[in-house]
Amino acid sequence: MKNMSLKTYLIILKTGIYLSFVSVFLVFNNLLFPFITSKQLFFNILMEILMVFWLALIIKYPEARPKKSFITWGLAFFFSALLVSSLFGVDFNMSFWGNIERMLGWFHIIHFFLFYLIIITVFREWRDWRNLLIVSVAAAALVCLYGLLKIPYSTIGNTAYVSGYAIFNIYFALILFFRDREKNEPGSWLAGALYLAAAFIMLLVMRVTHTRGAYVGLGASFALFLIMRAGYSPNRKVKIYSFAGLAAIVTLVVLAFSFPQSALVRNSSVLGTITQVSSSATTFQTRLISWKAALKDFPNHPVLGTGYGNYAITFDKYFDPKFYIYTPTETYFDRAHNNLVDIISTTGLAGLLSYLSILGAAGYYLAKGKRQNKISGVEFILLISLFAAYFIQNLAVFDSLITYISLMLALAYIYWLANREPEAAQEEAGANRALNNKELGALVFGGLVLFSIAYQYNIRPWLMLDGTIKGQIEFAKGDIAAAVKQYKKTFATGTVLDRDSRKSMINSLNGQQDSLFKLDRAQAAEIADYAISLAEANVKYNPLDSMMQMQLAQILNTASLINQNNSSKFYFYSDRALKAIDASIKASPGRTTIYFTKAQIYLMRNDKAKALETLKYAVSLNEQYAEASCFLAKAGLYLKEEATGFEAMGKCLDLGGRSYLGPAELVKIALNHYLAKNDQPRILALYQRWVELEPGNAKIWVNLSLLYGQQGDKDKAVEAARKAADLDPSLKSAAEEFIKKQLAK
């Protein structure tokens, strides 16, 4: 093997770090959750390759090893705390491997620590750091430019993540700007202009992401920057400009909150979004419910939490039915949407204190470097402001791949500022040496181990994700048999990330019951049994997982329907479905929608008393939740319990739940009931729903136009009349006459 010089190692590792920023652009649509998996798997494989060379480097050149640092120790303690929490948590698979939607299991996030270690080892001079920060800023500027020109979530897939990424790189751009300004070298003005242009692009993207946490974090950090700039700068003009800028920010925010309906605020996406930051906001209320759940559960696991990544268990356990008042969707939180709450809930005090120690260490080195004149005043202020923005924004979100990359980069930069040596001394160190056995062992043995890890835990999951999308394509075609065949092929080897892929197949089958029942009975039963085995495999990870138990109950209920002609088989599956749904309810007793599934199981068992009892209890959990009343209404009318059905139907319609009603036959039954009572508001609501179910029925549009006319809503009356005429040309003359009368009013 050719002797590897220090320079060769440094080139390889630096190039690999530069390539890691390619991950932010990757979106492979042939993978499940492409915005997440495409990036993380590429990043993992790259870091595993680089680790082979990093290990060989620090073995051959001991002087290149990272120096002791409280930041490094803080990171080591943090990731160790997460690992210990994973080992003692409620769902090790979720903690260690994570899920596909987030890719934030311990195995994945430890790669960011490797990223940090490589950076602090090989980026040792300002010119190295200048190049690295330029690469980061350029990548972020391109991501944000794409967000401005194409779609707000850009190549990242989530506007909150785009905002977080922009915040880090705005400050990186400013660090580059002030650094070049201090040197005042030829051409530095052009570079400075480019840095400011990149920062401006990133500021602009905030206008389209509408991320309130990011606005508050960035705004607060700008205010902090101006306060510290005024306090630390000896220049009188700088003080004046800083206080003027601070006054402008404060005045603008005060006026925006004082006059939220003004044209200035309404026409500004930034100010308009900022004014929505209040305790009454829907997102704040739903997150407050989430945070309260964590607070209630904390005494049960104060030291290590429920297990890293297992926040969903806590959220489900203390799910408050009031949640549905604010939103009937997005009711499953697998993260607390507050980094501190998430950490202390899932990893306990061990995780939180170790996390805070990282930020404390960074602050310590910044203060120490400022006192020793190792760090300039403006750079000190910029980095303090950056971490303030990061911390505040994370009170409403949580870290992801792009913020982890940026955070590790910022921490590594502070490490370099605290430990940098004169460049002449760096150049003298690390004389080339002959290949030795330890270096060879690291390259060969380390290469084999890390290649095995890369193949087993990244490449195979990559192939599994590709196979999942192929299976979904077959489901979309309506070919259930082909879809299941593809999934069986996908699961043949088994990977640590199969959970979400199994879930996708089960959901597809439960959502296409009619197509499944059209298959040969034996084939349908075989497919259902296979799906049940997948659901049971998911439940084994954690029997307290409410969602997995509910999925198991649903597919068991599907299997019971397939076997409804065989009484013993029907009850074999149905009894198991009831057991699974009871386990789901036990794990999340306040989640109203689970009771719908239980009621369906009772309906299939022809146990109407228990079905109605279950649904009435579901309604009682939150009387203002429309879907519960609508479900009870449908069940009551289906079971000929008209008193119960119409009482619930009235609540359903009054709560604005018409979209939950169907099929059309049920709407007609309800319509006849309210026509007899001449209940105009409910009649209108039912006609609106009927036309949604049968948009091609001209007669419904005619009746709807008349109802709108009676209500005095001439615009909708005219629109409905025109729609009726378009569908049935024979109605054209009558429609025109009707429209004339409406317009004449």
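Each peptide among 164-176, 464-476 gets the average number of other Cβ atoms lying within 10 Å of its residues, and from highest to lowest they stand as 164-176, 464-476.
Relative to the compact globular guide of 2.2 N^0.38 Å, what is the alpha carbon radius of gyration of segment 1-41, as a ratio?
Details: Rg = 15.0 Å, N = 41, 2.2 N^0.38 = 9.0 Å.
Dividing the Cα Rg of segment 1-41 by 2.2 N^0.38 Å gives 1.67.
Under the simplified labelling scheme, the Arg130-Leu519 pair shows an inter-label distance of 6.4 nm, with each label point 7 Å from Cα along Cα→Cβ.
Of the trypsin sites (Lys or Arg not before Pro) in segment 1-86, which ones lie in a loop per DSSP and count no more than 13 other C-beta atoms within 10 Å? The partial results should precede the final answer.
Numbers: sites: Lys2, Lys7, Lys14, Lys39, Lys60, Lys67, Lys68; in loops: Lys2, Lys67, Lys68.
Filter output for segment 1-86: Lys2, Lys67, Lys68.
Projected over every direction and averaged, the convex hull enclosing the alpha-carbon atoms of segment 496-634 yields 8.4 nm². In the chain, the longest principal axis of the Cα atoms and the axis of helix 698-711 are about 80 degrees apart. Volume per residue of the convex hull around the Cα atoms, evaluated for segment 29-113, comes out as 106 Å³. Once the Cβ-Cβ distance of Lys239 and Leu203 is raised to the sixth power relative to R0 = 25 Å, the FRET efficiency obtained is 0.55.
Here Asp726 and Tyr541 are evaluated by their C-beta separation; at R0 = 56 Å the FRET efficiency comes out at 0.55. Using the Kirkwood radius over C-alpha pairs as Rh, can you work out the diffusion coefficient of segment 81-150 via Stokes-Einstein at 10 °C, viscosity 1.306 mPa s, in µm² per second? Taking Rh from Cα pairs, D becomes 107 µm²/s.
FRET efficiency for the pair Ile151 and Glu330, taken as 1/(1 + (r/R0)^6) with r the Cβ-Cβ distance and R0 = 25 Å, rounds to 0.80. Across all directions, the average flat footprint of the convex hull enclosing the Cα atoms of segment 1-145 is 10.9 nm². Counting only cysteine Cβ atoms and a cutoff under 4.7 Å, the chain contains unmatched residues Cys144. Secondary-structure-derived ellipticity at 222 nm for the chain, considering helices only, amounts to -24500 deg cm²/dmol, per-run term -39500 (n - 2.57) for DSSP H runs with n ≥ 4. One Cα centroid belongs to segment 182-230, the other to segment 283-321; the line between them spans 36 Å.
One Cα centroid belongs to segment 456-473, the other to segment 613-633; the line between them spans 40 Å.
Our coupling estimate for segment 602-611, obtained by passing each phi through the Karplus curve with A = 6.51, B = -1.76, C = 1.60 and θ = phi - 60°, is 5, 4, 5, 8, 6, 9, 5, 4, 6, 4 Hz, Gly and Pro reported as x. Potential lengthening of the chain between Lys374 and Glu182 amounts to 67.7 nm, from the contour at 0.36 nm per residue minus the alpha-carbon distance. Note that segment 200-211 has calculated 3J(HN,Hα) couplings of 5, 4, 5, 5, 4, 5, 4, 5, 9, 7, 6, 9 Hz, one per residue in order, obtained from phi through the Karplus relation 6.51 cos²θ - 1.76 cosθ + 1.60 (θ = phi - 60°); glycine and proline are x.
If you wrap a convex hull around the C-alpha atoms of segment 562-646 and split its volume per residue, what is the figure in Å³?
Details: hull volume 7.3 nm³, N = 85.
With only Cα atoms used, segment 562-646 gives 86 Å³ per residue.
Read-outs: derived from the displayed coordinates by stated rules, not from any lab. Owing to the predicted nature of the structure, the values given are computational and were not obtained by experimental measurement. Methodologically, a virtual Cβ is constructed for each residue, glycine included, from the backbone with ideal geometry; neighbour enumeration extends over all protein chains shown.
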